[in-house]
Amino acid sequence: MSPILTHIVNNFITLFVVVDPIGLVLPMFLALTGDCPPAIKRKLAVRSVLVAFGVMLFFIVLAQIIIEAIGLSLLTFQIAGGIILGAHS
């Protein structure tokens, strides 16, 4: 496997474990849309995915610029992220 593909797979698995879509997101979505008709559920699901994709794309494109403008290093964000994950686990 190429190094780039290995990196992508590792990051996907890490993100999947942290977000836990099956254990957290799906039950939350079903609970919030329990009384809605299937057509509305589908519309809300598609809209949610598109908004999440837009936010992700925004930060993929502009994250480095924002971090440099604030004057923080990547290590600072890694440490802060570890603290936040540790505090909420």
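Out of 25, 55, 51, which single residue is in the same structural domain as residue 8 (by TED's automatic domain parsing) and within 27 Å of residue 8 (Cβ to Cβ)?
One residue alone meets the criteria, 25.
Looking at 25, 49 in this structure, which one is under 26 Å from residue 89 (Cα atoms) and modelled with pLDDT of 90 or more? Walk me through it before giving the result.
Numbers: 25 fails: modelled with pLDDT of 90 or more.
49 is the lone residue from the list that is under 26 Å from residue 89 (Cα atoms) and modelled with pLDDT of 90 or more.
May I ask you to say which residue of 51, 18 is within 15 Å of the chain's Cα centre (by Cα) and touching a residue at least 24 places away in the same chain (Cβ under 8 Å)?
That would be 18, the only listed residue that is within 15 Å of the chain's Cα centre (by Cα) and touching a residue at least 24 places away in the same chain (Cβ under 8 Å).
The values are calculated or read from the model by the stated rules, or taken from the named source; none is laboratory data. Just so you know, these numbers come straight off a predicted model, no measurement behind them. So basically every Cβ, Gly included, is an ideal-geometry build from the backbone, and we count neighbours across all protein chains shown.
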